[in-house]
Amino acid sequence: MRVIKQTFSAVLFVFGLVQSAYAILPIDKLESYKGAQAYLVQTKALPMVDIEVSIDAGDRYDPVGKSGLAGMTAELMNYGAKTSQGVLSEAQIADEIADLGANFGVSVGGERAIFRIRSLSRRDLRERAVQLAAAMLSSPVYDKVILEREKQRTMTALLEAETKPEAVLERRFRKAVYGNYPLGESPTVKSVVSVSASDLAKFHQQFYRGDRMIVSIVGDVTPAEAGEIVRTLLKDIPQSGTVIAALPQLQSSPVEPLAAREIQIPFDSQQAHIAMGMTAVTRSNPDYFPLIVGNYILGGGGFVSRLMAEVREKRGLAYSVFSYFAPGKDTGIFQAGLQTKSDQASLALEVMSSTIGNFIANGATQTELQAAKANLTNGFPLRIDNNRKLLDNVSSIAWNKLPLDTLDTWTEKVDAVTLEQVNTAFQKYLAMDRMKIVVLGASK
């Protein structure tokens with residue numbers, strides 16, 4: 001597979017050399033195959049290769065009443081696959097992975113499913129790992145007996161989650177923020193029970209195809225070898241398929257009085273758990289950098305953040321308090337939260353709300369801005385100090401359709417953020433009268 005003449009560079013921090021040394025590694029955009037985009041960062045730091053296949057097949061595509069289908073479709077690829085030599089069982093797949101000394105992992109989020117392989121880069125071992133992954137990716141066997149076993153495990157986990165305040169809070173908060181948009185739904189015992197093997201096979205056939213995939217590779221392989229990996233992985237994957245219905249439009253959180261925005265959930269716990277937030281920007285939004293710099297000041301900077309100073313240092317209401325933006329390709333969210341004693345929940349919520357509201361209204365100071373930018377830029381090498389972190393970044397760049405020089409320009413863009421940009425961005429995208437609030441376990 002040839003390399004398209006569009007290459008940009010990624011910065012990889014090199015340990016074992018001078019501490020401030022950087023090596024410039026190119027992100028090569030490989031030739032598309034089966035409609036899938038492919039990217040490579042070649043590094044010889046370790047005799048390893050990390051491979052990720054991102055599939056546009058996340059939880060948001062779960063049919064009504066079958067929440068959890070996307071997750072089970074991906075997870076059960078580990079439990080049986082057809083090959084040219086016959087069907088590999090769950091045990092045979094596990095044995096082959098162990099023999100290779102490889103790692104295989106599957107995860108599913110709101111937007112995408114992610115299939116990862118980590119192998120030694122030695123050709124014979126790498127090729128076996130990739131061939132096994134190709135079979136799992138293209139021809140999983142959704143055995144009814146295994147499905148019933150995994151459904152029982154999932155239902156047990158869901159019932160156990162009902163006893164965990166963090167899990168209950170997150171589910172209710174997500175529903176409050178996203179409303180009727182598909183990301184507002186969560187698996188339930190009823191929805192899991194309804195999933196059949198034919199549902200899994202149908203979902204896989206609909207979504208697991210080349211035009212919905214991105215392959216990212218980081219490690220000790222050449223562009224030609226990376227091309228072989230892509231072709232092997234996707235050789236039995238269809239390039240396209242039937243038209244998939246468009247997702248509904250995500251609506252912005254409406255302006256509402258506090259009584260309509262706050263949800264109180266009784267829960268037998270000494271600690272109250274509080275979450276506050278709203279829909280926010282996507283990763284490709286031009287205000288992304290002002291928002292992450294500003295959020296470092298507000299609640300992302302640990303002990304130096306405004307929220308920590310007001311909630312913990314001045315009043316001792318919580319051990320930890322945080323805020324963050326979680327932007328995706330098509331959706332995004334802002335969330336703040338803390339845990340506190342049940343009888344302090346009202347005061348803690350009031351302080352958190354007033355601190356966020358004050359920051360939106362009045363902004364940051366120049367001193368705070370400079371300190372935030374220094375921390376973010378100086379800490380940037382730790383974001384890419386090994387192959388897996390670098391793969392995370394390459395994958396994010398590809399998934400969110402960002403410029404391929406994003407890693408090269410990241411610190412420059414952070415350093416270029418102005419106080420006016422931070423203050424304007426927070427006022428533009430956040431508003432206290434649109435924040436959803438969930439309080440779990442507060443005493444009356």
*Rg and Dmax of the chain, using alpha carbons, in Å: what are they?*
23.3, 67
_In degrees, nearest ten, helix 90-100 long axis to first principal axis of the chain (Cα)_ = 90 degrees
*asked:* If I fit a long axis through the Cα atoms of helix 345-362 and take the longest principal axis of the Cα atoms of the chain, what angle between them do I get, 0 to 90°, rounded to 10?
replied: 90 degrees
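Could you give the length gained by full extension between ALA431 and VAL255, i.e. 0.36 nm per residue of separation minus their alpha carbon distance, to one decimal place?
On the way: separation 176, 0.36 × 176 = 63.36 nm, distance 0.85 nm.
Between ALA431 and VAL255, full extension yields 62.5 nm more.
For Cα pairs less than 8 Å apart in space and 6+ apart in sequence, what is the mean separation divided by the residue count of segment 3-234, i.e. the relative contact order in percent? Present the calculation step by step, with values, prior to reporting the outcome.
Working: 412 pairs, mean separation 75.7, N = 232.
Contact order relative to length: 33 percent.
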*Working from Cα positions, state the angle (0 to 90°, nearest 10) between the long axis of helix 406-415 and the longest principal axis of the chain.*
10 degrees
*Mind listing the phi-derived Karplus ³J(HN,Hα) values for segment 115-128, rounded to whole Hz, using 6.51, -1.76 and 1.60 with θ = phi - 60°, and x for any glycine or proline?*
10, 10, 10, 10, 9, 4, 7, 4, 3, 4, 6, 4, 5, 5
*Karplus-derived 3J(HN,Hα), 6.51/-1.76/1.60, for each residue of segment 264-279, Hz, glycine and proline x*: 9, 10, x, 7, 6, 7, 6, 9, 9, 10, 10, 10, 9, x, 6, 5
*Hey, could you pull the Cα Rg and Dmax for segment 138-237, both in Å?*
18.6, 51
*What fraction, in whole percent, of alpha-carbon pairs in segment 182-245 exceed 15 Å separation?*
67 percent
*Rounded to the nearest 0.05, what FRET efficiency is calculated for GLU262 and GLN206 with R0 set to 35 Å and r the Cβ-Cβ distance?*
0.35
*Taking springs between alpha-carbon atoms closer than 10 angstrom, which of GLY58, GLY299, GLY101 fluctuates most in the Gaussian network model of the chain?*
GLY101
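Please tell me which of these pairs span more than 20 angstrom C-alpha to C-alpha: LYS144/LYS235; LYS144/LYS202; LYS66/LYS202?
Details: LYS144/LYS235 27 Å; LYS144/LYS202 14 Å; LYS66/LYS202 13 Å.
Too far apart for the 20 Å limit: LYS144/LYS235.
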_Over the chain, what is the relative contact order in percent, taking alpha-carbon pairs closer than 8 angstrom and at least six residues apart?_
21 percent
*Order by neighbour count: LEU440, LEU132, fewest other Cβ atoms within 10 Å first, most last.*
LEU132, LEU440
*Report the percentage of all Cα-Cα pairs in segment 3-234 whose separation exceeds 29 Å, rounded to a whole percent.*
37 percent
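What is the extension gain from GLU160 to ASN378, computed as 0.36 nm multiplied by their sequence separation minus the C-alpha to C-alpha distance, in nm to one decimal?
Details: separation 218, 0.36 × 218 = 78.48 nm, distance 4.14 nm.
Roughly 74.3 nm would be gained on extension.
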_Counting only chymotrypsin sites (Phe, Trp or Tyr not before Pro) that sit in a DSSP loop (anything but H, G, I, E, B) with at most 12 other Cβ atoms within 10 Å, what is the longest stretch of the chain containing none of them?_
16-318
*Quick one: if you stick a label point 7 Å off each Cα along the C-beta vector at GLN270 and GLN92, how many nm between them?*
5.4 nm
*Could you name the aspartates and glutamates whose alpha carbon sits less than 18 Å from that of LYS29, not counting residues in the same chain fewer than 8 places away?*
ASP50, GLU52, ASP211, ASP220, GLU225, GLU228, ASP392, ASP405, ASP408
*Determine, for LYS144, LYS436, LYS151, the number of other Cβ atoms within 10 Å of each Cβ, and report the residues in order from fewest to most.*
LYS144, LYS151, LYS436
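With the Cα gyration tensor of segment 46-151 giving a ≥ b ≥ c as the square roots of its eigenvalues, does the rule (a/c under 1.5 for rounded; else a/b larger than b/c for prolate; else oblate) give rounded, prolate or oblate? Provide the component values of the computation, followed by the final result.
Numbers: a/c = 2.48, a/b = 1.45, b/c = 1.71.
Judged from the Cα gyration tensor, segment 46-151 comes out oblate (a/c at least 1.5, b/c at or above a/b).
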*Provide the per-residue ³J(HN,Hα) series for segment 39-48, in order, calculated from phi with Karplus coefficients 6.51, -1.76, 1.60 and θ = phi - 60°, each as a whole number of Hz, with x at glycine and proline positions.*
9, 9, 10, 8, 9, 9, 4, 9, x, 10
*Please order LYS314, LYS389 by the number of other Cβ within 10 Å, starting at the fewest.*
LYS314, LYS389
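Bear in mind these aren't lab numbers, they're just calculated from the coordinates by the rules spelled out. What you see is a predicted model, and the numbers here were worked out from it, not measured in a lab. Ideal geometry is used to build each Cβ from the backbone, glycine not excepted, and the neighbour counts take in all protein chains shown.
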